[in-house]
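Engineer: The following block contains the structure, expressed as structure tokens.
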Amino acid sequence: MPHDEHHQTHDEAELRRELGELEREEKEIKREEEEIKRELEEREHQDLHIFVNRRKFERGDGVKREMTGREIATLVGVPPENAVVRYDLPHDKKEIGLDEIVHIKNGEHFLVTRKIVEGGFVA
């Protein structure tokens, strides 16, 4: 085997070894990244809270990752059949249907008001 060929095979072997090492490191980094993501999700899961009519509600009060407008109204004691549930954001006051599912973001604000009922008809 000429010297150049031997040198080339040696370089190839060295590159393969380095590649294997990099792939192992990459797997380890991905494992650590997944572990950190899980830990962050767990913390957020434990700390999950929202504000309804400026009052803070947490998991122990019934706050979940997904809630309906009905469940949000119930947090502040407004009977769902009389409730109007809205996002309470400067740029978004969109109404949320009673059976509409909301994907709760931590610290999100909602507003629940009562429909005005006059003589049995909704005004």
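Laboratory data are not the source of any read-out in this text; all were calculated from the coordinates shown. Nothing here was measured: the structure is a model prediction, and the numbers come from that model. With ideal geometry, Cβ positions are generated from the backbone for all residues, glycine too; neighbour counts draw on all protein chains shown.
Engineer: Sort 84-97, 26-39 for me by packing, meaning the mean count of neighbouring Cβ atoms within 10 Å per residue, highest on top.
Structural biologist: My ranking of the peptides, most packed first, is 84-97, 26-39.
Engineer: Given (1) 1.67; (2) 1.04; (3) 2.05 as candidate values of Cα Rg over 2.2 N^0.38 Å, which corresponds to the one derived from the coordinates?
Structural biologist: (3)
Engineer: In a Gaussian network model over the chain where Cα atoms closer than 10 Å are linked, find which of Glu21, Glu81, Glu108 has the largest mean-square fluctuation.
Structural biologist: Judging by the Gaussian network model, the answer is Glu21.
Engineer: Going Cα to Cα from Lys30, which aspartates and glutamates come in below 17 Å? Please leave out same-chain ones fewer than 8 positions away.
Structural biologist: Those aspartates and glutamates meeting the cut-off are Glu21, Glu39, Glu41.
Engineer: Using a simple spin-label model with points 7 Å from Cα along the Cα→Cβ vector, what separation in nm is obtained for Asn53 and Glu35?
Structural biologist: Placing both labels 7 Å along Cα→Cβ, they lie 4.6 nm apart.
Engineer: Quick one: net charge of Glu35's neighbours, Cβ under 12 Å, K/R +1, D/E -1? Provide the component values of the computation, followed by the final result.
Structural biologist: Details: positive: Lys30, Arg31, Lys37, Arg38; negative: Glu28, Glu32, Glu33, Glu34, Glu39, Glu41, Glu42.
For residues surrounding Glu35, the net value is -3.
Engineer: Here is a further query. Just want the ordering: Thr74, Thr9, Thr113, from fewest to most Cβ atoms lying within 10 Å of their own Cβ. All intermediate terms of the calculation are to be shown ahead of the outcome.
Structural biologist: Working: Thr74 17, Thr9 11, Thr113 14.
In increasing order of surrounding Cβ atoms, one gets Thr9, Thr113, Thr74.
Engineer: Right, here's the next one. Amide H neighbours of Asn53 under 5 Å, at least 5 residues apart or on other chains, H built in the peptide plane: list them.
Structural biologist: Residues meeting the amide H criterion: Phe110, Leu111, Val112.
Engineer: Which lysines have a Cα lying under 25 Å from the Cα of Lys37, excluding residues fewer than 8 positions away in the same chain?
Structural biologist: Output for Lys37: Lys27, Lys64, Lys105.
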